[in-house]
Amino acid sequence: MGARIETWKAIANHIDRSVRWCKKAAQWTDRPPLPVFRMGGPGARVCADDADLHAWFTALKSSQGISRR
C-alpha cells in the first residue's frame, strides 16, 4: 500500500489532471471509476492510495489511449 493522498487537488496533481476531471472520473459508470474513498460519508473528506491511482491511471491510459498532459 502506498502513501495516502487526501484532497481532490492533491489527487489531481498526482495524476496530472484537473480537479474537475478527477471528480467526474470518480463518478464514471461505463468504465472503472477513479479509486477514491470518502472518509466519513457523503460530503466528507476524500482520500486515495497513490499505488491504486497509479495502477488505475496506467490501465486507463492503455485501454483508452489517454496521455499525460
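The values are calculated or read from the model by the stated rules, or taken from the named source; none is laboratory data. Quick caveat, the model's predicted, so the values are computed rather than measured. Ideal geometry is used to build each Cβ from the backbone, glycine not excepted, and the neighbour counts take in all protein chains shown. Each accessible area value is taken on the protein alone, full model and side chains, heavy atoms only, with ligands, DNA and RNA left out. Shrake-Rupley method; radii C 1.70, N 1.55, O 1.52, S 1.80 Å.
A few remarks follow.
- Within the stretch 1-20, being crowded, with 16+ Cβ neighbours inside 10 Å and among the acidic types (Asp, Glu) holds for no residue.
- Residue list for the stretch 21-39, filter: open to solvent by less than 90 Å² (accessible area, probe 1.4 Å) and closer than 15 Å to Ala51 by Cβ: Leu34, Pro35, Val36
- Cβ-Cβ contacts under 7 Å between residues 6 or more apart (or on different chains), taken from a first residue in the stretch 26-53 that is touching a residue at least 24 places away in the same chain (Cβ under 8 Å) to a second residue that is assigned to a helix (DSSP H, G or I), are listed as Pro32/Trp56; Val36/Ile11; Val46/Trp8; Ala48/Ile11; Asp50/His14; Leu53/Ile11; Leu53/His14; Leu53/Ile15.
- Scanning the stretch 7-25 for residues that are in contact (Cβ under 8 Å) with a residue 12 or more places away in the chain and aliphatic (A, V, I, L, M) yields Ile11, Ile15.
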